[in-house]
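Encoded as structure tokens, the structure appears first; notes follow it.
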Amino acid sequence: MHEKIDQLREIVEEKFRNESADHDWYHVERVLKLAEFIQGKEGGNLEVVQAAALLHDISDHKLNGGIKNDCARVSREILTSLGADPEFIECVCEIVDRVSFKGAGVEDETGSIELAIVRDADRLDAIGAIGIARAFHYGGKRNCSLYDPDLAPSLHASFEAYSSGESHTLNHFFEKLLLLKDRLTTPAAQEIGLERHELMQHFVDSFLEEWNVNVKWR
């Protein structure tokens with residue numbers, strides 16, 4: 001199976017090499033490394049975790065033109081072409097469409113420890129210093145304003161509302177990023193997530209102070 005994971009890594013790296021920085025190969029690689037670290041602490045099937053981490057964005061709606069819940073279909077095609085065991089394929093496919101955040105008002109689906117690990121790894125890469133950089137890169141790509149004080153955040157009640165919502169970039173912190181700490185489920189991820197959350201909260205507080213020109217004289 002190790003050889004198939006290496007082959008899968010090559011396929012995914014090739015596909016994501018030219019994606020923009022918010023969802024490029026380096027994002028996938030960081031999620032993979034985080035998932036491997038968490039698996040080492042929490043257990044679960046390492047190869048399933050590795051494959052699901054590599055494939056978690058393989059046909060994400062933000063990258064495929066808006067088709068939702070398409071990662072399992074594409075993952076099945078790729079893993080079948082590599083000759084992976086059908087049971088292994090199903091374990092991976094049960095994970096990949098359940099990783100992404102689908103709105104503040106949408107509960108996460110429960111499942112295997114491997115799902116929890118990959119979902120936590122993906123969420124860790126969405127917060128902290130990297131998360132801040134990715135959020136503003138994605139917002140800039142979509143020509144979103146940095147902030148609009150007249151446009152309040154929306155805690156979306158459905159994936160459709162979340163995925164089609166248009167707002168300024170700072171709202172993304174209130175609508176998703178600052179919520180992720182409390183939606184991490186593995187102890188290893190929760191420990192990492194706390195520090196990243198605090199960094200991100202400090203950034204948001206500082207951003208609003210500077211926006212409002214609250215200058216503090218020393």
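Data for the structure
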quantity: Condition met for Glu114 (within 20 Å of Pro187 (Cβ to Cβ), touching a Gly at 6+ places or on another chain (Cβ under 7 Å) and outside any loop (DSSP other than H, G, I, E, B)); calculated: yes
quantity: Segment 122-132, subset of a type outside the set (A, V, I, L, M, F, W, C), assigned to a helix (DSSP H, G or I) and open to solvent by less than 20 Å² (accessible area, probe 1.4 Å), residue nearest to Leu55 (Cα to Cα); calculated: Arg123
quantity: Residue match in segment 94-101 (condition: among the polar types (S, T, N, Q), under 30 Å from His2 (Cα atoms) and open to solvent by less than 30 Å² (accessible area, probe 1.4 Å)); calculated: yes
quantity: Test result for Arg30, open to solvent by 60 Å² or more (accessible area, probe 1.4 Å), more than 18 Å from the chain's Cα centre (by Cα) and basic (Lys, Arg); calculated: no
quantity: Within segment 133-191, considering residues that are open to solvent by 30 Å² or more (accessible area, probe 1.4 Å) and among the acidic types (Asp, Glu), the one modelled with the lowest pLDDT; calculated: Glu166
quantity: Enumeration of residues in segment 64-84 that are of a type in the set (Asp, Glu) and at pLDDT below 95; calculated: Asp70
quantity: Near pairs, Cβ below 9 angstrom, 6+ apart or cross-chain, from segment 1-19 (in a helix (DSSP H, G or I) and at pLDDT 95 or above) to any residue that is open to solvent by 70 Å² or more (accessible area, probe 1.4 Å) and hydroxyl-bearing (Ser, Thr, Tyr); calculated: Ile11/Ser81; Phe16/Tyr26
quantity: Verdict on Asn69 being within 28 Å of Tyr138 (Cα to Cα) and open to solvent by 70 Å² or more (accessible area, probe 1.4 Å); calculated: yes
quantity: Odd one out for Thr110 among (1) free of Cβ contacts under 8 Å to residues at least 24 places away in the same chain; (2) within 13 Å of the chain's Cα centre (by Cα); calculated: (2)
quantity: Subset of segment 108-131 (residues that are of a type outside the set (Lys, Arg), farther than 12 Å from His172 by Cα and touching a His at 6+ places or on another chain (Cβ under 9 Å)); calculated: Val118, Ala121, Asp122, Asp125, Gly128, Ile130
quantity: Out of Ala21, Ala52, Ala84, sole residue that is open to solvent by less than 40 Å² (accessible area, probe 1.4 Å) and within 19 Å of the chain's Cα centre (by Cα); calculated: Ala52
quantity: Unmet criterion (only one of (1) over 20 Å from the mean Cα position of the chain (by Cα); (2) open to solvent by 20 Å² or more (accessible area, probe 1.4 Å); (3) touching a residue at least 24 places away in the same chain (Cβ under 8 Å)) for Leu79; calculated: (2)
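For (1) β-branched (Val, Ile, Thr); (2) in contact with a His (Cβ under 9 Å, 6 or more places away or on another chain); (3) under 22 Å from Leu63 (Cα atoms), each residue gets a yes or a no:
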{"site": "Ala133", "(1), (2), (3)": "no, no, yes"}
{"site": "Gly139", "(1), (2), (3)": "no, yes, yes"}
{"site": "Ala152", "(1), (2), (3)": "no, no, no"}
{"site": "Ala157", "(1), (2), (3)": "no, no, no"}
{"site": "His168", "(1), (2), (3)": "no, no, yes"}
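The values are calculated or read from the model by the stated rules, or taken from the named source; none is laboratory data. Bear in mind that the values here come from a model prediction, so they are computed numbers and not experimental data. Positions of Cβ are generated from backbone atoms using ideal geometry, with glycine treated the same way; all protein chains shown enter the neighbour counts. Side chains are part of the model used for accessible areas, which takes the heavy atoms of the whole protein and leaves out ligands, DNA and RNA. Shrake-Rupley method; radii C 1.70, N 1.55, O 1.52, S 1.80 Å.
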